[in-house]
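**Q** Handing you a structure now.
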Amino acid sequence: SHDEQQVVMISEDYVHLWNTAPWKHNKSLEVGAKKLYGTAFSPDGRWLAVGAADKKIRIWDLSII
């Protein structure tokens, strides 16, 4: 993330959010697509976008998760 407080990891059809200090698993988000190609945080860190093989982009509001 922009503030280096979160890291995103992809596995199959899930996105995993981790807090960096201390290293702690925060949340897993089910994407619903088997192949995920990329992630991006918005500049303010509020939104997370995930691109998948089904040619869809999923966007989450991290402030409410």
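**Q** What's the number of the condition residue 4 fails, among (1) exposed (fewer than 10 other Cβ atoms within 10 Å of the Cβ); (2) part of a strand (DSSP E or B)?
**A** Exception for residue 4: condition (2).
**Q** Which one of the conditions (1) in a strand (DSSP E or B); (2) open to solvent by 50 Å² or more (accessible area, probe 1.4 Å) does residue 49 fail to meet, given that it meets all the rest?
**A** Exception for residue 49: condition (2).
**Q** Right, another one. Could you list, ordered by first residue, the pairs with Cβ atoms under 7 Å in which the first is in the stretch 29-41 and in contact (Cβ under 8 Å) with a residue 12 or more places away in the chain and within 11 Å of residue 57 (Cα to Cα) and the second is part of a loop (DSSP other than H, G, I, E, B) and of a type in the set (Gly, Ala, Ser), at least 6 apart or interchain?
**A** 33/53; 37/53
**Q** Quick check: is even one residue across the stretch 56-64 touching a residue at least 12 places away in the same chain (Cβ under 8 Å), at positive phi and in a loop (DSSP other than H, G, I, E, B)?
**A** no
**Q** Of everything in the stretch 15-28, what is touching a strand residue (DSSP E or B) at 6+ places or on another chain (Cβ under 8 Å) and either of a type in the set (A, V, I, L, M) or touching a residue at least 40 places away in the same chain (Cβ under 8 Å) (or both)? Give them in sequence order.
**A** Applying the first criterion (touching a strand residue (DSSP E or B) at 6+ places or on another chain (Cβ under 8 Å)) to the stretch 15-28 yields 15-20, 24-28.
Scanning the stretch 15-28 gives 15, 17.
**Q** State whether one or more residues within the stretch 22-34 are of a type in the set (Val, Ile, Thr) and surrounded by fewer than 15 Cβ atoms within 10 Å (Cβ to Cβ).
**A** Looking for residues that are of a type in the set (Val, Ile, Thr) and surrounded by fewer than 15 Cβ atoms within 10 Å (Cβ to Cβ), one finds none in the stretch 22-34, hence no.
The values are calculated or read from the model by the stated rules, or taken from the named source; none is laboratory data. Just so you know, these numbers come straight off a predicted model, no measurement behind them. Counting neighbours? That spans all protein chains shown, and the Cβs are built from the backbone with ideal geometry, glycine included. Areas reflect the complete protein model, heavy atoms only, side chains present, ligands, DNA and RNA absent. Shrake-Rupley method; radii C 1.70, N 1.55, O 1.52, S 1.80 Å.
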